[in-house]
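As structure tokens, the structure follows; a few thoughts come after it.
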Amino acid sequence: GPQRDDRAGLTLSGHLDVVPAEEPGWSHDPFAMKSDDRAHSGRGTADMKGFLALAVALARRLDPDSLGAPLALLLTRDEEVGTLGARDLVRAWDERPPLPRATIIGEPTSLQAVRLHKGHARFRLELFGKSAHSGYPHLGRNAIEHAGRAITALSELRRELEAERSPQSPFFPEVPFVPLNVGTVSGGSAINVVPEGCTMAFGLRALPGVDTEALFARVHRRLAEVLPEDAYRCELLDESPPMATDKEAPIHRCLCDLLGQEHRDHSVSYATDGGWLQQLDLDCVIWGPGSIEVAHRPNEFIPRDELAKAEGLLERLVQLHCLEQH
């Protein structure tokens, strides 16, 4: 559609990748969609290929000459491994052409409009020791013991964070704090060898408005208190920023009105591309068919009636933002 200096129009965004489907419990090939009268089942049907199918099909049906404002499809890669596509887009963006400010991120929200979510920062901690025969441990330095001290320090920080609150905490009543999770630990080669190396991975989920630099500094201080300087290296692997869209943002008000949604402070505790895309001065709302409760699980599915309802609502959004803007 035509470019507009006022950034009218609509941006529909979603990620093209999915998580693996190696977990047991699938009743059919995860990558061959199975359909019945109630639902479509397969990896990614809820997260979030149902929404993407609707968005692409809708764009293909439209006559560009009928549009008074542009419709943009923004499809990203590698969201599941750290919102990497959205991050790279933001870092490379040259503002030509400007994207429509009103943006829908089609994650599965069971058709509820969501305006806030937490971020996710992922760290790798490498512990360095010195190998030796376990019968002569004084000749070595045990990297796994370093990891034990690091885990204890991070656990203490986790408990502190759980007791802290921020101005955005009321919007996350189920988990109103910054969670810290030690996710993986790997090290050593044999029982009779003092391990010279160990690697840990852990993550933090900051609420909107939390000073992440200060948060990360607390992590590094805690590790420095219990580990020799030459015994470790802590690296920020990647970060998905938190997202907060103003309650009165036009796209949020419009979508809530269409849905008849009275509660307008919905939040989720997972990260999305919206955390990065808001840095392009986009008003991002998380909204789409399907439930996050079935995503990343065997026999993931999307209800047919919910998909049909989402199609009608998307058509109405395009009509309001793109067709009626002449």
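What order, most packed first, do the peptides 15-26, 199-210, 40-51, 243-254 have when packing is the mean number of other Cβ atoms within 10 Å of each residue?
Order by mean packing, descending: 40-51, 199-210, 243-254, 15-26.
H263 versus L73, label points 7 Å from Cα toward the beta carbon: distance in nm?
A separation of 3.4 nm, rounded to one decimal place.
Could you compute how fast region 64-175 diffuses translationally, taking Rh as the Kirkwood radius over C-alpha pairs and applying Stokes-Einstein at 25 °C with viscosity 0.890 mPa s? Give it in µm² per second.
Answer from the Stokes-Einstein relation: 123 µm²/s.
Cut-off 10 angstrom, C-alpha nodes, Gaussian network model of the chain. Which of D238, D88, D37 fluctuates the most?
Among D238, D88, D37, the largest GNM mean-square fluctuation belongs to D37.
Which value in deg cm²/dmol, rounded to the nearest 500, describes the helix-derived mean residue ellipticity at 222 nm for the chain, given -39,500 (n - 2.57) per DSSP H run of n ≥ 4 and division by the residue count?
Taken over the chain, the calculation gives -8000 deg cm²/dmol.
Considering only protein heavy atoms, what per residue accessible area in square angstrom results for region 177-231 with a 1.4 angstrom probe?
52 Å²
How would you classify region 1-145 from its alpha-carbon gyration tensor, with a ≥ b ≥ c the square roots of the eigenvalues: rounded for a/c under 1.5, else prolate if a/b is greater than b/c, otherwise oblate?
Verdict is oblate for region 1-145.
Tell me, what is the FRET efficiency for V56 and E145 to the nearest 0.05, using R0 = 56 angstrom and their Cβ-Cβ distance as r?
It comes out at approximately 0.55.
Per the Kirkwood definition applied to all pairs of different Cα atoms, how many angstroms is the hydrodynamic radius of the chain?
Its Kirkwood hydrodynamic radius stands at 21.9 Å.
Tell me, what are the semi-axes, in whole angstrom and largest first, of the equivalent ellipsoid of region 218-326 as set by the roots of 5 times the Cα gyration tensor eigenvalues?
Values for region 218-326, descending: 39, 20, 12 Å.
May I ask you to list the lysines whose Cα is less than 30 Å away from that of K309, ignoring any residue fewer than eight positions away on the same chain?
By straight Cα distance, K309 reaches K34, K49, K118, K247.
How tilted is helix 50-61 with respect to the longest principal axis of the chain? Cα atoms for both, answer in degrees (0 to 90, nearest 10).
Relative to the chain, helix 50-61 is tipped by roughly 40 degrees.
Given a Förster distance of 41 angstrom, what is the FRET efficiency for S134 paired with A217, based on the Cβ-Cβ distance and rounded to 0.05?
Calculated value: 0.65.
Between N192 and W93, what's the calculated FRET efficiency when r is the beta-carbon distance and R0 is 56 Å? Round to 0.05.
Result of the calculation: an efficiency of 0.55.
Using θ = phi - 60° and the Karplus form 6.51 cos²θ - 1.76 cosθ + 1.60, what ³J(HN,Hα) does each residue of region 293-301 get, whole Hz, x for Gly and Pro?
Going residue by residue, I get 5, 9, 5, 6, 10, x, 6, 3, 8 Hz, with x marking Gly and Pro.
Pull out the extension gain between D238 and H28, defined as 0.36 nm times the separation in residues minus the alpha carbon to alpha carbon distance; nm, one decimal.
Extra length available between D238 and H28 comes to 72.2 nm.
Just how far, in whole angstrom, is region 64-133 from region 137-185 if you go by their alpha carbon centroids?
The distance from the Cα centre of region 137-185 to that of region 64-133 comes to 26 Å.
The values are calculated or read from the model by the stated rules, or taken from the named source; none is laboratory data. Treat the numbers as computed from the prediction; the structure is a model and nothing was measured. Glycine gets a Cβ as well: all are built from the backbone with ideal geometry, and neighbour counts include every protein chain shown. Accessible surface areas use protein heavy atoms only, side chains included; no ligands, DNA or RNA. Shrake-Rupley method; radii C 1.70, N 1.55, O 1.52, S 1.80 Å.
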